[in-house]
Amino acid sequence: MLGSKNVLVVGTGTIGEPLIGLLCNFKAQLGIDDVLFHKRTPLLTDRSKVQNLLRRGARLVTDKDRVSGFESMGLKIEMTTEEALEASRVVVDCTPSGNAMKERWYEKYEDSTDLFIAQGSEFGFGKQYARGINDEVLVPGEDRFLQVVSCNTHNLSSLIKLFGLGDEGPGNLRNGRFVCMRRSNDISQDGSFVPSPQVGGHKDARFGTHHARDAWHLYRTKGDAYDLNLFSSAVKVNTQLMHVIHYYLQVEKPVTKEELAARAVADDRIAVTYKTTANSVFSFGRDHGFCGRILNQSVIPLDCTHVSEDGTEITGYCFTPQDGNSLLSSVAAAVWGLYPETYDKIVQCLRPYFFQEV
Ligand SMILES: NC(=O)c1ccc[n+]([C@@H]2O[C@H](COP(=O)([O-])OP(=O)(O)OC[C@H]3O[C@@H](n4cnc5c(N)ncnc54)[C@H](OP(=O)(O)O)[C@@H]3O)[C@@H](O)[C@H]2O)c1
């Protein structure tokens, strides 16, 4: 018998798999009755993953025409997609096809399901959201579709907040420029590796790449005053470890490097570090994070920050904690869907995976 506060995760890839595990581990603290997960393709290579998610208490869902494929591999299907959508209060889409899924499935279940959440690639799915950036704009009952922005967009948005806006607000940031040095693929993925750095185009006339565009939209949910001057570029590098962002911010109110360091240390969504390599930061996450994930928005190597002599130009680097920041926002959004008044307190159970220093 299912409870009433059920969460369905669609997709078991790089984001879906750890999210299902996280929801199962913290089910009681997060106030979730049942964690359901949808897997589309019955694959022997994925059987061990599914078996372990079942062992951790999640319930397997697939499309009607895929049921026999899973059963022939010895995997018990608890529900079809239709039944799971009917039974779930919140659906977290973790596929690169969230917009298509919205059209095919989600819009038909708006009466039974309170909230649908999609991930970074699904621009247009719903209101952009990143934990700690625009929580105050979420409207219970009205926001039924949310898009958790991508991991690099989380990172650059947190830098904008910390160093660009500070206490002064949107008028303080003259402009923000970002170069996202992206790992080729995740360690869980076999495809898409590049043998050498591969530079990307600037398809967006105003923002360069989707990272600055999405950050602009994220901030714009906070009001018309947030018409930020942002631009981003992206280059894929031949590593599977962490993304690194190079940033350059011009601000109105002069600052010192010491003031910026104090802000970073005081912000519990930011981790500071004296490490300078992606492998050492990644390795810390592997040993101390949740399934290897650091849930902070950004990891900033403070010693590498530069402030111009007049205090108005800030340059530096930061590490993007893989998909950890998207995972945190996905959990926070899902719990908001169940408990809009108290979600903020509820998600504090994930505090052990936030670090002040990495
Ligand atoms: N990778 C990251 O570090 C990262 C970080 C932040 C955000 N994101 C975002 O998260 C989303 C998913 O990325 P990912 O890297 O996790 O992808 P992924 O590893 O390729 O996994 C995709 C998953 O989606 C399922 N899927 C794909 N199309 C589907 C469809 N039409 N219907 C049902 N299931 C479908 C696949 O199921 P089957 O294998 O069973 O067919 C697979 O489980 C994207 O929006 C991405 O931008 C990714």
Checklist entry - Summing -39500 (n - 2.57) over the DSSP H runs of n ≥ 4 in the chain and dividing by its residue number, what mean residue ellipticity at 222 nm do you reach, to the nearest 500 deg cm²/dmol? => result -8000 deg cm²/dmol
Checklist outcome for this item: Quick calc: nm separation of the 7 Å Cα→Cβ label points for D227 and Q29 -> 4.3
Checklist entry - Quick one: net charge of Y248's neighbours, Cβ under 14 Å, K/R +1, D/E -1? => result +1
Checklist entry - From the backbone phi of region 93-107, what are the Karplus-calculated ³J(HN,Hα) couplings (6.51 cos²θ - 1.76 cosθ + 1.60, θ = phi - 60°) in whole Hz, Gly and Pro given as x? => result 7, 10, 10, x, 10, x, 5, 5, 5, 4, 5, 6, 10, 4, 4
Checklist entry - Once phi is turned into θ = phi - 60°, what whole-Hz ³J(HN,Hα) does the Karplus curve with 6.51, -1.76 and 1.60 give for every residue of region 181-198, x standing for Gly and Pro? => result 9, 8, 5, 5, 8, 7, 5, 7, 10, 9, x, 6, 6, 10, x, 8, x, 10
Item to check | Part-to-part distance (alpha-carbon centres) for region 244-270 and region 163-217, which is given in Å | outcome: 18
Checklist entry - Between L241, P195, S184, whose Cα lies farthest towards the positive end of the dipole of region 155-252 when Lys and Arg beta carbons carry +1 and Asp and Glu beta carbons carry -1, centred on the Cα centre? => result P195
Checklist entry - Once you charge only the Cβ atoms, +1 for Lys and Arg and -1 for Asp and Glu, what is the size of the charge dipole of region 151-322 about its Cα centre, to the nearest 20 debye? => result 540
Checklist outcome for this item: On the formula 1/(1 + (r/R0)^6), with r taken between the Cβ atoms of R220 and N175 and R0 of 22 Å, the FRET efficiency rounded to 0.05 is 0.85
Checklist entry - For the residues C291, C94, what sequence is obtained by ranking on other C-beta atoms within 10 Å, fewest first? => result C291, C94
Checklist entry - Charges only on Cβ, +1 for Lys and Arg, -1 for Asp and Glu: so what's the dipole of the chain about the Cα centre, in debye to the nearest 20? => result 900
Item to check | Positive-end residue of P340, Y129, N6, charge dipole of the chain with Cβ unit charges | outcome: N6
Checklist entry - For the residue pair S308 and R144, what label-to-label distance in nm results when each label sits 7 Å from Cα along the Cα-to-beta-carbon direction? => result 4.9
Checklist entry - Fewest to most neighbouring Cβ within 10 Å: what's the order for Y109, Y247, Y353? => result Y109, Y353, Y247
Item to check | Qualifying GluC sites (Glu not before Pro) for region 134-169 [loop in DSSP, other Cβ within 10 Å: at most 11] | outcome: E142
Checklist entry - Cα centroids of region 127-162 and region 219-235: how far apart, whole angstrom? => result 12
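Just so you know, all these numbers are worked out from the coordinates, no wet-lab data involved. Remember, predicted model here, so these are calculated numbers, not experimental data. Note that each Cβ is placed from the backbone with ideal geometry, even for glycine, and that neighbours are counted across all protein chains shown.
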